[in-house]
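Asks: One structure, pasted below without further comment.
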């Protein structure tokens, strides 16, 4: 067994059993201590370990300069063997039996930062951002609203439907999101209008970052997916439903999605997630050979969405679901993306599409939870109702895999809605 | 009048009147002399002027180090005043009345390279690539094939329809393009197949690169477009029509387009194109206020597509059209993109969509020229026919604005089709 999967392993840094970041996790991220330049770190309990500092003193499997960077791209481009090696050596340094860092008070003070006192960054310089649509329940729910006669397209069970998103507007958890202006055409209007969206939504998703390139014109079989997938984050694919409805035919969602996409800052590695992979749903009809795969690729990852209005004192949970029921898995998504010879890059982000379960409280978007406004959500603390998001609302996503007495968690993916620009100024 | 628009201006470098690159043009690109690192240059007649070398000796408005780069991003991020200043100073150095560079034999020999002997690069590190759909004739032609009952969607005349493309697979003219594998579902098949596309196509487009950032959450009115648009290139948006037909609903084109997009290497500046802007088509119904614009934004740009099979000795022209009839213009495309607060970046590529005219010989794709195979193209030299592209076919695009006795041209955008990978290897 990989020693990092040992449930009994503990660190000399005290970690609460409910923490997302025990020694079994060790996710990578990019952080800035106050007033200092960004660098690469690993989360451990309530702390961040600065790898650019630690690597100057200890051999952690990669040189210090790859960690003195504003993104993970340089480190991750060194390849899977290096990702694993670095994680193992950091595990050793943090392990309760190891005194080398613990007893070096000077280095400890220079390399350990309280997580609440650092600023996190988008972890990668993102080349391309792709969004899939891989939850059967979500595709069926949304399809039945947008196309009542034809909810699930004939192609849906034959290929992981996806589309290209906007990379420039991927932002990190904690960044506020301005309500976008956009063109909409209400059913009772003769011609379209331009103004703030009235149907601002979130989408609960899980994304993976790639850590390896393939040359243009070559393919990536599902059997190579583990070489390519560095790790996972939570993704909020903010959506303006009224804009989407009017613009999306025939070329797909565009401005309804491109105004912002929030990611959680800590990239949880495939290595840390290994014990939590399970069998996925049976795919029927059988998929074409290039989409077949070996092994377990569904992930038993608990997911939640919490909402807080400006009038509320704390967040209320509005969705509870699990990533394991996704119809298409990451290996298939990647193999499909590369099946036409598209070159994969270090730092591409591939999101799953909204994660929705079978029950009404497990839907991963407001559109589904409030069923297009027919069943507004009740906010218990204040008695407010929500069909879509209001200005000032904070949307908070959480995710974790449950081990024996520990969690491999993702931290938070949060964004608060800012009021729109004055749209009359552009009239 | 801008002195660079003087038809009588000439350079001490002899330039043929049919050349795309007279002293009135001076497009920017990135080139590598044999065995050397890439750097920024300007095309003049049959030569490239190395700005990284010239700027070490003369003040050309920006420091030499911004030109010693593998992309235009660093130079262009200095802003529109600098783009204009550098172009004016290069104009002066190359002008027949100026001896400072002409008479410096050493610098001349180090800074002037024959264009046929250098290797061109994709001119920008591309952040996001967006493809619009702005030719009414093309949208109507394709719409009538894919959706006979509904060719032009109700939104089409209210907003410039567009979608996000794949940035990683944007390649430079001269790079071969492998015929992609993909999933298709022939009308007579019970279930989909995976294999080489049987309907490989080109799309004749014109793209612009942005040279200025705006912050996330802000807009860019049409009146600011000239500050943001650095210059234009020819674009071949290669397409697999059979893959597109099966995959594109409901989220738009994905793998049918992402395998390759070819750009011409020389970025022709808005300043050079200024004399060729004309009134665009009347937009009816009137557009919303955020899409209104002042001044001339249609471009009188002649466009051609030429084809050569392996059996032919030279290319045959198969399409002749003009960019001026596009329904939506660049200022509107950019304002629409940013209307929801999307952050524009230095080095984004925005392509026009296929440029098709009113007559059957002015259509910008094989799908339209051969009308879905109903009217195959005849290749005169060999008697071959084409409904879609065959392996070995070379597609060559050209574009130029016609001045009085000179051309402001775009050079070539060429790609040759390579045979596909063996798809059985992924079975």
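The values are calculated or read from the model by the stated rules, or taken from the named source; none is laboratory data. What you see is a predicted model, and the numbers here were worked out from it, not measured in a lab. Please note: Cβ atoms are built from the backbone with ideal geometry, for glycine as well, and neighbour counts cover all protein chains shown.
Asks: Quick one: in the stretch A:360-397, which of the residues that are free of Cβ contacts under 8 Å to residues at least 12 places away in the same chain and in contact with a strand residue (DSSP E or B) (Cβ under 7 Å, 6 or more places away or on another chain) is nearest to residue A:162 (Cα to Cα)?
Replies: Selected residue: A:376.
Asks: Here is a follow-up. So, in the stretch B:147-167, exactly how many residues are buried (at least 23 other Cβ atoms within 10 Å of the Cβ) and either in a strand (DSSP E or B) or more than 8 Å from chain A (Cβ to nearest Cβ) (or both)?
Replies: Result for the stretch B:147-167: 4.
Asks: Do you know which residues across the stretch B:128-143 are part of a helix (DSSP H, G or I) and either away from chain A (no Cβ under 12 Å) or within 27 Å of residue A:129 (Cα to Cα) (or both)?
Replies: B:136, B:137, B:138, B:139, B:140, B:141 - these are the residues of the stretch B:128-143 that are part of a helix (DSSP H, G or I) and either away from chain A (no Cβ under 12 Å) or within 27 Å of residue A:129 (Cα to Cα) (or both).
Asks: Can I ask one more? Regarding the stretch A:363-380, can at least one residue be identified that is under 30 Å from residue B:197 (Cβ atoms), buried (at least 17 other Cβ atoms within 10 Å of the Cβ) and in contact with a helix residue (DSSP H, G or I) (Cβ under 9 Å, 6 or more places away or on another chain)?
Replies: Checked against the condition, which is being under 30 Å from residue B:197 (Cβ atoms), buried (at least 17 other Cβ atoms within 10 Å of the Cβ) and in contact with a helix residue (DSSP H, G or I) (Cβ under 9 Å, 6 or more places away or on another chain), the stretch A:363-380 yields no hits at all.
Asks: Quick test for you: out of A:201, A:188, pick the one residue that is more than 13 Å from chain B (Cβ to nearest Cβ), at pLDDT below 95 and over 13 Å from residue A:351 (Cβ atoms).
Replies: Exactly one of A:201, A:188 is more than 13 Å from chain B (Cβ to nearest Cβ), at pLDDT below 95 and over 13 Å from residue A:351 (Cβ atoms), namely A:188.
Asks: Moving on to the next point. Being within 20 Å of the chain's Cα centre (by Cα) and in a loop (DSSP other than H, G, I, E, B) is the filter here; which residues of the stretch A:272-293 pass it?
Replies: A:280
Asks: Are any residues in the stretch A:270-312 free of Cβ contacts under 8 Å to residues at least 12 places away in the same chain and over 19 Å from residue A:223 (Cβ atoms), and if so, which ones?
Replies: Passing the criteria: only A:282.
Asks: On the basis of being touching a strand residue (DSSP E or B) at 6+ places or on another chain (Cβ under 9 Å) and in a strand (DSSP E or B), does residue A:357 make the cut?
Replies: no
Asks: Taking residue A:356, is it more than 30 Å from residue A:272 (Cβ to Cβ) and touching a helix residue (DSSP H, G or I) at 6+ places or on another chain (Cβ under 8 Å)?
Replies: Considered against the rule, which asks whether it is more than 30 Å from residue A:272 (Cβ to Cβ) and touching a helix residue (DSSP H, G or I) at 6+ places or on another chain (Cβ under 8 Å), residue A:356 comes out as no.
Asks: Among the residues of the stretch A:46-65, which ones are surrounded by fewer than 21 Cβ atoms within 10 Å (Cβ to Cβ) and either under 17 Å from residue A:345 (Cβ atoms) or under 23 Å from the mean Cα position of the chain (by Cα) (or both)?
Replies: A:46 - this is the single residue of the stretch A:46-65 that is surrounded by fewer than 21 Cβ atoms within 10 Å (Cβ to Cβ) and either under 17 Å from residue A:345 (Cβ atoms) or under 23 Å from the mean Cα position of the chain (by Cα) (or both).
Asks: Select, from B:409, B:392, B:399, the only residue that is assigned to a loop (DSSP other than H, G, I, E, B) and either at pLDDT below 95 or assigned by TED's automatic domain parsing to the domain that holds residue B:172 (or both).
Replies: Result of the check over B:409, B:392, B:399: B:392.
Asks: Scan the stretch B:23-56 for residues that are in contact with a helix residue (DSSP H, G or I) (Cβ under 7 Å, 6 or more places away or on another chain) and assigned to a strand (DSSP E or B) and jot them down.
Replies: B:39, B:40, B:41, B:42, B:43, B:44, B:47, B:48, B:49, B:50, listed by residue number.
Asks: From A:283, A:224, which residue is under 26 Å from residue A:142 (Cα atoms), within 14 Å of another protein chain (Cβ to nearest Cβ) and modelled with pLDDT of 95 or more?
Replies: Of the residues listed, the single one that is under 26 Å from residue A:142 (Cα atoms), within 14 Å of another protein chain (Cβ to nearest Cβ) and modelled with pLDDT of 95 or more is A:283.
Asks: Only residues that are closer than 16 Å to residue A:212 by Cβ and touching a strand residue (DSSP E or B) at 6+ places or on another chain (Cβ under 9 Å): list them for the stretch A:56-70, please.
Replies: A:66
Asks: Checking residue B:172 against (1) farther than 29 Å from residue A:286 by Cβ; (2) modelled with pLDDT of 95 or more; (3) surrounded by fewer than 20 Cβ atoms within 10 Å (Cβ to Cβ); (4) more than 8 Å from every other protein chain (Cβ to nearest Cβ), which single condition isn't satisfied?
Replies: Residue B:172 satisfies every listed condition except (3).
Asks: Moving on. For the stretch B:73-83, give me each residue that is surrounded by fewer than 17 Cβ atoms within 10 Å (Cβ to Cβ) and under 21 Å from the mean Cα position of the chain (by Cα).
Replies: Residue satisfying the conditions is B:77 alone.
Asks: Hey, another quick one. Looking only at the stretch A:175-185, how many residues end up being within 22 Å of the chain's Cα centre (by Cα), farther than 23 Å from residue A:123 by Cβ and within 8 Å of another protein chain (Cβ to nearest Cβ)?
Replies: 1
Asks: Please determine, by comparing only the residues of the stretch A:233-252 that are at the interface with chain B (Cβ under 10 Å from one of its Cβ atoms) and surrounded by 24 or more Cβ atoms within 10 Å (Cβ to Cβ), which one is nearest to residue A:373 (Cα to Cα).
Replies: Step by step, filter the stretch A:233-252, then rank; the result is A:240.
Asks: May I ask you to say which residue of B:337, B:332 is within 30 Å of residue A:166 (Cα to Cα), touching a helix residue (DSSP H, G or I) at 6+ places or on another chain (Cβ under 6 Å), within 13 Å of chain A (Cβ to nearest Cβ) and modelled with pLDDT of 95 or more?
Replies: Result: B:332 is the single residue among B:337, B:332 that is within 30 Å of residue A:166 (Cα to Cα), touching a helix residue (DSSP H, G or I) at 6+ places or on another chain (Cβ under 6 Å), within 13 Å of chain A (Cβ to nearest Cβ) and modelled with pLDDT of 95 or more.
Asks: With the structure loaded, tell me whether residue B:102 is surrounded by fewer than 19 Cβ atoms within 10 Å (Cβ to Cβ) and closer than 22 Å to residue B:31 by Cα or whether it fails that test.
Replies: Spelling it out, residue B:102 is indeed surrounded by fewer than 19 Cβ atoms within 10 Å (Cβ to Cβ) and closer than 22 Å to residue B:31 by Cα.
Asks: Quick check on residue A:70: is it under 20 Å from the mean Cα position of the chain (by Cα) and under 17 Å from residue A:257 (Cα atoms)?
Replies: No, not satisfied.
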